[in-house]
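Notes to accompany the following structure.
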Amino acid sequence: MNENFINAWVSNVELERTPFKQKFMGIRRQQGFKPFDKTRPLAQAIMKGWKKLSPADSLVISPNLELMGRLPVNERTSPYNGEKGYLLFLQEALNGKLPGLREESSKPQPKDWDTVLKTAVESGVIKDNSLSVVLTREHAEKEILSVFRTSETDSRNYTVIEIDATTFKEGGVLTIDVWVGESEVSGSFDLFAEDTTELAPDNALASVRDIPTNHREVVEYPFDRGQIFKLGAIGNASERGKINGFLAKISVEPTADK
């Protein structure tokens, strides 16, 4: 592959692919973050190749920055599924067959954002389990992109993120800046101590409830010693079987050393 391609990936967040990501990057710019220059020819080619409602696309771009092929992550079915299918996609692109670009109208479209998000989770593009971040003084800020779900039954169905802040011996302020995605279900976020056995709102250290679609809220919690927390994300209980994405920026402002 390296003989014919330069393999790289580009964040959909930095290129502001959706209104949700545009709002997030607007806040980042206000904080002094310098985003990717979208006027560059390569960025323009990538944006031209995006497929509506696709969470991620594999694109083949020529040395002259012309689109040669597109494979949306939720369309990796026959004949393009698996390793051999992906090789076929690359070969067809090099042969000028424009895979994924000529027959767009015949491809099945996701019915809604629930379908898109579920496909992204199933394909591994977005994870909703085994989530954890470790914060240190050198790396005191991390981002997590995942999904939350509403429960199918009366039991709570949290997506749980473990937050390790044990290196902050003197404590600090834990801040969780949450953006909720575009699917039509609101989300709630509850912060728990590590030893909490029953994850329920009444046992939370801090919470933000029912954040609407495309909105942002902040959880703040001061702590006096290094410890591990659990952040639980869950959808509105009145809408069973729904799914939505979220982006959480998790950071600690440490207490000054004594």
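So here's what we get for this one:
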quantity	calculated
Read-out Rg and Dmax of the Cα atoms in Å, derived from the coordinates shown; its label in [x] 22.9, 93; [y] 25.2, 73; [z] 20.6, 66	[z]
Around residue 226: net Lys/Arg minus Asp/Glu count, Cβ-Cβ under 12 Å	-1
Filter on 23/249; 97/118; 169/249 - keep pairs with C-alpha separation over 19 Å	97/118; 169/249
Computed [θ] at 222 nm, helices only, for the chain once each DSSP H run of length n ≥ 4 contributes -39500 (n - 2.57)	-5500 deg cm²/dmol
Helix 19-30 axis, angle to the chain major axis (alpha carbon atoms, nearest 10°)	60 degrees
Stokes-Einstein D for segment 131-254, Kirkwood Rh over Cα pairs, 25 °C, 0.890 mPa s (µm²/s)	170 µm²/s
Normalised contact order of the chain, rounded percent, pairs of Cα under 8 Å and 6 or more residues apart	19 percent
Globularity index of segment 19-109, i.e. its alpha-carbon radius of gyration over 2.2 N^0.38 Å	1.26
Order of 102, 70 - criterion: other Cβ atoms within 10 Å of each residue's Cβ, fewest first	102, 70
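Where a number appears in this text, it was derived from the coordinates with a stated rule and is not lab data. Every value quoted in this text rests on a predicted model; they were computed, and no experiment measured them. We place every Cβ from the backbone using ideal geometry, glycine too, and count neighbours over all the protein chains shown.
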